[in-house]
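To start, the structure itself, in structure tokens.
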Amino acid sequence: MIPVDRPVDEGDLHARIDGLLPPHRGAAVDEYLAVNPDALARFSQYAEQREALRAAFAAQVGPTPDRLSVARIREERRHRCYRHWHELPQP
Amino acid sequence: MSWLLGYGEAMPDRAVLIEPHIPGLRRFASALLRGGRHSADDLVQDCLERALSGWHLQGRGRCAGMALHNSLQSISERPAASTGRGGHDALLEVAEAELPGVEGGQNSALEHRDLLRGFAALPEERRLVLVLIGVEDLSYAEAARMLGVPVGTVMSRLSRGRERLRHLMSGEVKSDQRGRRAALTRVQ
């Protein structure tokens, strides 16, 4: 039995650019975009925006600094614990 | 006592669980705070310190990621962390000098800065959805779980966020072109 497909909605179009569209919806979305040039233009811009945002975040955040490595944070904790221990009043 | 021998294996090293999520946490913190890189990294450091002391990561992979993101978000909600939540002007420093070796590095740095300014003008709930889905590649259901809202809410935030940012950026282009035209007429 062939399931009756629901009409294409905004969610499908977002899913298409996010790579989350189930394969069986692909043809319906293509058909929709072929006859809806406004939606095609708008979602092309969203797709560009998505890529631009990824690039901007990559540039904004940059490589992980040393102070955020697990090894460094552990090291600092050990030093802190050691200092606290030695700052305790001795009996 | 095989259960005892297996104990070490059953407890994966936290570093292995945590480390892969650090770049994503930094981007998430940056989207959350709209602030400079340093305040975002301070928040991530705070979150990692908690994760490495006494706090038990439940599950692996994306579950660990979810616990870290939730912890980061709850730390950012404390009054002490709110100093990083500045207005729109203290925004997102994309240092142009930090894009070496990129062809047209200066130009793309400026484009990034403009886009991030537009992004920072969006409400927090839309910023988080845009970054979780568009940058971190979470599915709609995963983003909904992480933010504790229904999938429909995620979809509507995504849709509104993208449309608003598109408007903001097209306004940016127009005003930029107007500015250039004005500059040209001044020259003539």
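Bear in mind that the values in this text are calculations on the coordinates, not laboratory data. Quantities reported herein were computed from a predicted structural model and do not represent experimental measurements. Please note: Cβ atoms are built from the backbone with ideal geometry, for glycine as well, and neighbour counts cover all protein chains shown.
Remarks
- Across peptide A:44-55, the average count of Cβ atoms from other chains found within 10 Å of a residue's Cβ is 6.
- When B:S30, A:S44, B:S76 are arranged by Cβ crowding within 10 Å, least crowded first, meaning fewest neighbours, the order is A:S44, B:S76, B:S30.
- Applying 1/(1 + (r/R0)^6) with r as the Cβ-Cβ distance of B:D13 and B:V151 and R0 = 41 angstrom yields a FRET efficiency of 0.75.
- A compact globular protein would have a Cα radius of gyration near 2.2 N^0.38 Å; the ratio found for region A:28-91 is 2.45.
- Applying 1/(1 + (r/R0)^6) with r as the Cβ-Cβ distance of A:Y82 and B:N70 and R0 = 35 angstrom yields a FRET efficiency of 0.65.
- Here the label points at B:H38 and A:V35, each 7 Å from Cα along the C-beta direction, are separated by 5.8 nm in the simple model.
- With a Förster radius of 25 Å applied to the C-beta separation of A:A71 and B:R50, the computed FRET efficiency comes to 0.90.
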